[in-house]
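The values are calculated or read from the model by the stated rules, or taken from the named source; none is laboratory data. None of these values were measured; they are calculated from a predicted model. Cβ placement follows ideal geometry from the backbone for every residue including glycine, while neighbour counts extend to all protein chains displayed.
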Amino acid sequence: MSKLDRIALVTGANKGIGFEVARQLSQTGCTVVLTSRNREQGENAVAKLKNEGGVVYYSQLDVCAPNTIAATHKFIELKFGRLDILVNNAGIIESTDGPASAASMDAIEKTLKTNFLGPIQVTQAMLPLLKKSKHASIVNVSSGLGSLTLNGDETHMCSQVPYVGYCASKAALNMFTVKLAFELKDTHIKVNSADPGYTATDLNNNQGYQSIEEGAAETVRLALIEENGPTGTYSDKEAVLPW
Ligand SMILES: NC(=O)c1ccc[n+]([C@@H]2O[C@H](COP(=O)([O-])OP(=O)(O)OC[C@H]3O[C@@H](n4cnc5c(N)ncnc54)[C@H](OP(=O)(O)O)[C@@H]3O)[C@@H](O)[C@H]2O)c1
């Protein structure tokens, strides 16, 4: 299948890495369904990509609101009849997340709902459309902070990051990647986790050392993975990561 034929859905694509992933996918010729929880911000993002020549549609989608997931499913079903690429990008870090001994329950619960349950709900809703693709790819935008191995290595910077809710949400998302990839291993659907790397976005008050273009690279590579490419992997733009 030519890249030009691909239909791609990106969550949390009004800004940050999600917007850049939508931009890069549209530049390869994909038709992009750009989604966001805030309609106005999402429609502005769509307008920017259309100005750059992209074929981009908007659908409002809050990963914690099942009615918006169902409406986006309906939109894609009626418009395209299938989905080739799903990028589960939307994610949060809560300000009252923190060390395991003191993080607020509210922050941990909200983070797990958005970063773990959200991608599962979106994926389960979109699977019937992904099954209609000839060659589909699901990318779960994880983080190095989801690695149990790196968090447990006191010489690695991940072990110094306190946010237990965020780290647990990405570790759980990685488990979803592993379980779904195994379940779908004999199908045409690839499922992989991408770590963008520490990237300057609103998520970290623009403290990240990578540009947003660099932060989008691994997710875009996995989204466009070839038909006989790997499934059930976890990587950043330089290497395979330990779970
Ligand atoms: N930046 C990094 O260094 C880094 C490193 C590793 C992993 N990541 C991951 O990369 C992904 C993108 O983050 P980013 O750095 O680009 O952060 P960002 O600029 O804060 O963007 C996060 C996006 O997720 C959206 N979002 C949050 N909750 C949502 C919900 N319930 N439904 C739909 N959309 C929702 C936000 O929408 P609003 O604008 O409405 O808030 C925004 O569009 C996240 O999964 C993050 O965990 C980032």
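Identify, from the list Ile138, Ile93, the residue that is hydrophobic (A, V, I, L, M, F, W, C) and within 11 Å of the ligand (Cβ to nearest atom). Criteria check complete, one pass: Ile93. Restricting the first member to the range 2-31 and to residues that are touching a residue at least 24 places away in the same chain (Cβ under 8 Å), and the second to residues that are outside any loop (DSSP other than H, G, I, E, B) and among the charged types (D, E, K, R), the beta-carbon pairs closer than 7 Å and six or more apart or on different chains are Lys15/Asp202; Gly16/Asp202; Glu20/Glu213; Thr28/Lys3; Gly29/Lys3; Cys30/Lys3. Taking interchain pairs and intrachain pairs at least six residues apart, which have beta carbon atoms under 9 angstrom, with the first residue in the range 197-210 and of a type in the set (A, V, I, L, M, F, W, C) and the second surrounded by fewer than 17 Cβ atoms within 10 Å (Cβ to Cβ)? Going by the 9 Å Cβ cut-off, the qualifying pairs are Ala200/Asn206; Ala200/Gln207; Ala200/Tyr209; Ala200/Ser211. Only residues that are within 18 Å of Ile108 (Cα to Cα) and part of a loop (DSSP other than H, G, I, E, B) were counted across the range 136-163, and they come to 6. Apart from one condition, Ser142 fits all of (1) touching a Phe, Trp or Tyr at 6+ places or on another chain (Cβ under 8 Å); (2) more than 24 Å from Ile92 (Cα to Cα); the exception is (2). Provide a single number: the residues in the range 223-243 that are outside any helix (DSSP H, G or I), of a type in the set (Gly, Ala, Ser) and either at pLDDT below 95 or surrounded by 14 or more Cβ atoms within 10 Å (Cβ to Cβ) (or both). Counting residues in the range 223-243 that are outside any helix (DSSP H, G or I), of a type in the set (Gly, Ala, Ser) and either at pLDDT below 95 or surrounded by 14 or more Cβ atoms within 10 Å (Cβ to Cβ) (or both) gives 3. A Cβ distance below 6 Å, combined with a sequence gap of six or more or placement on separate chains, defines the contacts here; from the range 155-182, residues that are in contact (Cβ under 8 Å) with a residue 40 or more places away in the chain and over 15 Å from Ser142 (Cβ atoms) reach residues that are hydrophobic (A, V, I, L, M, F, W, C) and away from the ligand (no atom under 13 Å from the Cβ) in the pairs Val164/Ala100; Val164/Ala103. Annotation: Ile7 fulfils all but one of (1) in contact with a strand residue (DSSP E or B) (Cβ under 7 Å, 6 or more places away or on another chain); (2) surrounded by fewer than 19 Cβ atoms within 10 Å (Cβ to Cβ); the unmet one is (2). Residues of the range 66-97 that are in a loop (DSSP other than H, G, I, E, B) and within 16 Å of Thr114 (Cβ to Cβ): Asn89, Ala90, Gly91, Ile92, Ile93, Glu94, Ser95, Thr96, Asp97. A count restricted to the range 206-222 and to residues that are more than 10 Å from the ligand (Cβ to nearest atom) and part of a loop (DSSP other than H, G, I, E, B) stands at 1. Once the range 17-57 is narrowed to residues that are of a type in the set (D, E, K, R) and under 19 Å from Ile92 (Cα atoms), the residue that is surrounded by the most Cβ atoms within 10 Å (Cβ to Cβ) is Glu20. When each of Thr72, Thr68 is tested for being more than 10 Å from the ligand (Cβ to nearest atom) and in contact with a strand residue (DSSP E or B) (Cβ under 9 Å, 6 or more places away or on another chain), the lone residue that passes is Thr72. Scanning the range 88-136 for residues that are touching an Asp or Glu at 6+ places or on another chain (Cβ under 7 Å) and surrounded by 24 or more Cβ atoms within 10 Å (Cβ to Cβ) yields Thr111, Ala136.
Kindly indicate the residue of the range 177-201 that is part of a loop (DSSP other than H, G, I, E, B), touching a strand residue (DSSP E or B) at 6+ places or on another chain (Cβ under 8 Å) and on the phi < 0 side of the Ramachandran plot and also farthest from the ligand (Cβ to nearest atom) among those meeting that condition. Among those residues, the one meeting the criterion is His188.
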